[in-house]
Amino acid sequence: MEYGKLLRVYLGGEAEVRIYENVVEKIRKPKRYRHPKLDETLRRSRTRTEAKLISLARRLGVPTPIILDVEGDKIVMERIRGEPVKNVMNEEISREIGRMVAKLHRAGIIHGDVTPMNLILSDGKVYFVDFGLAFIDDRVEPKGVDLHVYFESLKASFENWESLKIAFIEGYREEYEKADEVLERAEEIELRGRYVEKRML
């Protein structure tokens, strides 16, 4: 497979991401604190799971990169060319993110890290490009955590975070019949965090 020229390398906590002209390689990093054999088994398993969830999300109508190859602890996927959502965020985009997260949650997919950093706007579509923390769970609690993470990322990044949050909620409710239950849990999670902060002061 012809990857083209290597353009950038990102070193994250869980993986090294290599961006070429035509594709993206994601390689899970070894954890030195784990037994080497166990570490290799876990990395391979989590890599396969991530690739499967990316493909499943795509089948559900959530824009994701096409998986081109999975080998050991490495995923090779289509390179999505566009703008990071953090640079172009508005209410319309946040509403669309709400719709896409709802589609994931209806299928029991927890993304684990829904933030503007992990989303790319390309040809009018919002692409979810990182499923490194994703897993399957149909309970309300992890879905509430997913929403809480997104809302907190809005607060940290945008002055108009409240209007962006409202737009997300509108989109989420459009696509998910159990939206109110999850939104209520997200509020409870936020209140828990505030309570813990007060106890620590």
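The values are calculated or read from the model by the stated rules, or taken from the named source; none is laboratory data. The shown structure was predicted, so the numbers you read here are calculated from the model rather than taken from an experiment. Methodologically, a virtual Cβ is constructed for each residue, glycine included, from the backbone with ideal geometry; neighbour enumeration extends over all protein chains shown.
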Over region 64-94, the set of residues out of contact with any Leu (no Cβ under 9 Å at 6 or more places or on another chain) and assigned to a helix (DSSP H, G or I) is Glu92
Only residues that are farther than 23 Å from Tyr3 by Cα and part of a helix (DSSP H, G or I): list them for region 44-63, please.
Ser45, Arg46, Thr49, Leu53, Leu56, Ala57, Arg59
Across (1) surrounded by fewer than 17 Cβ atoms within 10 Å (Cβ to Cβ); (2) touching a residue at least 40 places away in the same chain (Cβ under 8 Å); (3) within 19 Å of Val62 (Cα to Cα), Ala134 clears everything bar (1)
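From Asn118, Asn87, grab the single residue that is buried (at least 17 other Cβ atoms within 10 Å of the Cβ), within 29 Å of Leu147 (Cβ to Cβ), assigned by TED's automatic domain parsing to the domain that holds Lys178 and free of Cβ contacts under 8 Å to residues at least 24 places away in the same chain. Break it down stepwise before answering.
Working: Asn87 fails: buried (at least 17 other Cβ atoms within 10 Å of the Cβ).
Answer to the check: Asn118.
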